[in-house]
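K.L.:
One structure, pasted below without further comment.
The values are calculated or read from the model by the stated rules, or taken from the named source; none is laboratory data. Note that the structure is a prediction, hence the values are computed from the model and not measured. So basically every Cβ, Gly included, is an ideal-geometry build from the backbone, and we count neighbours across all protein chains shown. The accessibility values were calculated without ligands, DNA or RNA, using every heavy atom of the protein model including side chains. Shrake-Rupley method; radii C 1.70, N 1.55, O 1.52, S 1.80 Å.
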Amino acid sequence: MSIEDELFERRLERAREMGSAGLRPYGRRFDFTHEIPEAIAQFSSKDATELTPDGPRVKVSGRVMTIRRMGKAAFAHLAGGGGRIQIYVRKDAVSVEDYDLFEKLDLGDVIGVEGYVFRTRTGELSIHAEKLTFLSKILLALPEKWHGLEDVETRYRQRYLDLIANPDVRGIFITRARLIKSLRRQLEERGFIEVETPMMQPLFGGAAAKPFVTHHNALDIDLYLRIAPELYLKRLIVGGLDRVYEINRNFRNEGLGWKYNPEFTMLEFYQAYTDYLGMMDLTEKLLATAAEDATGSTLITWGDRVLDFSKWRRLSMRDAVIEYWEGDDKPSANDVRDPDWLLRHGGKATAGESLGHLFETLAEPKLMEPTFIYDYPVEVSPLSMKKPDDPGMTERFEIYVAGMEIGNAYTELNDPQEQRRRFDMQLAMRAGGNEEAHAMDEDYLRALCYGMPPTGGEGIGIDRLTMLFTGTRTIRDVILFPQLRPEGEIGIAARLRDSDKPK
RNA sequence: GGGCGCGUAGCUCAAUUGGCAGAGCAAGAGACUCUUAAUCUCUAGGUUGAAGGUUCGAUUCCCUCCGCGCUCACCA
């Protein structure tokens, strides 16, 4: 029998003994008076003379993280609510039953403690225990207390363990939640309403990507997991919901990488009667405020740089290609407008796609400071309105920070005849081998035929923004359960089954 | 999918040129009523990711497979 099996058996046995002694190894409700961080905050300014046996009393609950036993007394640390507090248990200060219980505690058990607050000789705020309540039994061994859990695979597969063993992880997901909350609040304040549109779609669209396919049995139809909510949200604009937003998952059937996960969270918002410049102005405010709400500052540390979310640069795609060109043959303003030059240097099927490709390879990795890149070629922007004075280009921008694309926005194309031509262009590109070109969406065209007001629309990648706000270098660290290959047999059910058999 | 790398006790890590698989934490027994990586004494714990091969002998070398990481291509 391995050490782990022995441990498991022994702890199960302890849980059984506890049960037969009238205690609950898996407890019920525990009405605490303070969350641990709350207790620390409340008493941290009090000195030893103010914290006496007749002084403030608390009831807290948490997971036992350390125990230091010294014969007839012991110290332990309890973790909960994102904080940690020390408890002191003396044999002569608790009941005989409670001391027995305490002696049988394992690292990782969940307990409740009631007692008075005091300071130890070294000054640490602690709880002098007078009553203990057992709340939940640990059966498996906790990771090492000093190094925590380092194994990346285990951290992702067993995020609960990661959260127990590595306190910083909790902070990342709290920042993520604050970010989302801030964006919601700001949009609500501006009159946007939150909506939910289909994630299972008979046609996929709104982005250039390959979808996941699923099947509905009763209808006997294949459905696609959405790659974007865009076309549904704009149907709502047609319907008179002038400001809408949605925060939810998109699914794209592509490779994984440091900034790609097959499901990711996107905020999309649409505002009638504005355009891409309006969205740019709005974005500056949204993201500066979000940075402040999520992290406390508009200044974000990224590696050895500090990125200022209150200062934005605006640069056209063509100018970006010129500025970030590598080598001596730097192109001129005319070169980056010349289809022949673009096709020669970009190597794609069309001049527009070539410009896009040049931009992505040359400029994107170097765009560190918050930057708007504007004016996108029409070939890669099938849903954006053309620029009146430059019909090869559309009124579109993307948000770049730290070499990552964070968002995408444009003046929405609302002319159904032009939209039909764009769809036809996409169909031709699809026929030419581009698997990610748009399909024809007739209902969307029909909606446009009822008249969509001029509209600005935008999508912001929440996962990537969270990476920036938490200084995290991989998207898997900001997604609680990132996609992994299945693990295979774990064997815990069999272990529990075995120990359940009468001996 | 291609290339490179990694996989050793529950956790964090060692193991010389191919020569008896080790430590710390965690665990078990004992001592200890202000410790905090508590300390001290003792004990137990391994299918070295899996299967095969070379060899007197494989954690080490070779092959296949599994999982993970990095990277390239595609993608936000």
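K.L.:
Can you work out D for the stretch A:13-167 in µm² s⁻¹ from Stokes-Einstein, where Rh is the Kirkwood radius over C-alpha pairs, the temperature is 37 °C and the viscosity is 0.692 mPa s?
P.N.:
Approximately 202 µm²/s, per Stokes-Einstein.
K.L.:
Calculate the tail of P(r) for the stretch A:1-93: the fraction of all Cα-Cα distances greater than 23 Å, expressed in %. Walk me through the intermediate numbers first.
P.N.:
Values: 1802 of 4278 pairs.
Tail fraction, whole percent: 42.
K.L.:
Hey, another quick one. Given the protein chains as shown and a 1.4 Å probe, how many square angstrom of A:Thr411 are accessible, to the nearest 10?
P.N.:
That residue has around 10 Å² of solvent-accessible surface.
K.L.:
Karplus couplings for the stretch A:310-324 from phi (6.51 cos²θ - 1.76 cosθ + 1.60, θ = phi - 60°), rounded to Hz, Gly and Pro as x?
P.N.:
Using θ = phi - 60°, the values come out as 9, 10, 10, 9, 10, 9, 6, 4, 4, 5, 5, 4, 5, 4, 9 Hz.
K.L.:
Please work out how much length the chain gains when fully extended from A:Val152 to A:Thr120, using 0.36 nm per residue of separation minus the C-alpha to C-alpha distance, in nm with one decimal. Spell out each step's value before the answer.
P.N.:
Details: separation 32, 0.36 × 32 = 11.52 nm, distance 3.75 nm.
That works out to 7.8 nm of additional length.
K.L.:
Please list the non-local residues whose amide H lies under 5 Å from the amide H of A:Thr66, H modeled 1.01 Å from N, same-chain partners needing a gap of 5 or more.
P.N.:
Distant-sequence amide H within range of A:Thr66: A:His77.
K.L.:
Provide the per-residue ³J(HN,Hα) series for the stretch A:413-424, in order, calculated from phi with Karplus coefficients 6.51, -1.76, 1.60 and θ = phi - 60°, each as a whole number of Hz, with x at glycine and proline positions.
P.N.:
6, 10, 8, x, 5, 5, 4, 4, 4, 5, 4, 4
K.L.:
Show which aspartates and glutamates lie in cross-link reach of A:Lys366 when reach means a straight Cα distance below 12 angstrom and same-chain residues fewer than eight apart are skipped.
P.N.:
A:Glu323, A:Glu326, A:Glu405
K.L.:
Using the alpha carbon gyration tensor of the stretch A:72-118, what are the three equivalent-ellipsoid semi-axes (square root of 5 times each eigenvalue), largest first, in whole Å?
P.N.:
Listed largest to smallest, the semi-axes of the stretch A:72-118 are 18, 13, 9 Å.
K.L.:
What's the extension gain from A:Glu35 to A:Asp222 if we count 0.36 nm per residue and subtract their Cα-Cα distance? Walk me through the numbers on the way to the answer.
P.N.:
On the way: separation 187, 0.36 × 187 = 67.32 nm, distance 4.86 nm.
The span from A:Glu35 to A:Asp222 would gain 62.5 nm if fully extended.
K.L.:
Something else: Take the Cα atoms of the stretch A:213-346, build their convex hull, and give its volume per residue in Å³.
P.N.:
229
K.L.:
Another one. About its Cα centre, how strong a charge dipole does chain A have in debye, to the nearest 20, once Lys and Arg get +1 and Asp and Glu get -1 at the Cβ?
P.N.:
That gives a dipole near 1940 debye.
K.L.:
Further question on the same structure: Just to verify a number: FRET efficiency for A:Gln86 and A:Glu13, C-beta to C-beta distance, R0 = 45 Å, to 0.05?
P.N.:
So, using R0 = 45 Å, E works out to roughly 0.95.
K.L.:
What FRET efficiency do you get for A:Arg313 and A:Arg421 if R0 is 35 Å and r is their Cβ-Cβ distance, rounded to the nearest 0.05?
P.N.:
Efficiency at R0 = 35 Å is approximately 0.55.
K.L.:
At a 1.4 Å probe, what is the % contribution of carbon and sulfur to the accessible area of chain A?
P.N.:
Roughly 51 percent, rounded to a whole number.
K.L.:
Could you pull the accessible area for A:Lys46 with a 1.4 Å probe, rounded to 10 Å²?
P.N.:
Approximately 70 Å² for this residue.
K.L.:
For chain A, what proportion of DSSP beta bridges, expressed in % and rounded to the nearest 5, is antiparallel?
P.N.:
So the antiparallel bridges in chain A amount to around 90 percent.
K.L.:
I've got another one for you. Tell me the Kirkwood radius of chain A: reciprocal of the mean inverse pair distance over distinct alpha-carbon atoms, in Å. Before the final figure, lay out each step's value.
P.N.:
Working: mean 1/r = 0.0373 Å⁻¹.
In chain A this quantity evaluates to 26.8 Å.
K.L.:
Rounded to the nearest whole Å², what accessible area per residue is found for chain A with the 1.4 Å probe?
P.N.:
Per residue, chain A has an accessible area of 49 Å².
K.L.:
Fully extended, how many nm does the chain gain between A:Lys501 and A:Gln42 (0.36 nm per residue separation, minus their Cα-Cα distance)?
P.N.:
Length difference between fully extended and current span is 160.4 nm.
K.L.:
Still on this structure, I have one more. If R₀ is 45 angstrom, what is the calculated FRET efficiency for the pair A:Arg68 and A:Glu292, using the beta carbon separation as r and rounding to 0.05?
P.N.:
Values: r = 41 Å, r/R0 = 0.92.
Step by step, r from the Cβ atoms, then E = 0.60.
K.L.:
Mean projection of the alpha-carbon convex hull of the stretch A:94-177 over all orientations, in nm²?
P.N.:
Working: hull surface 31.3 nm².
Approximately 7.8 nm², given one-decimal rounding.
K.L.:
Obtain the nm distance between the two label points defined at A:Ile174 and A:Arg337 by a simple spin-label model: each point lies 7 Å from its Cα along the Cα-to-C-beta direction.
P.N.:
5.4
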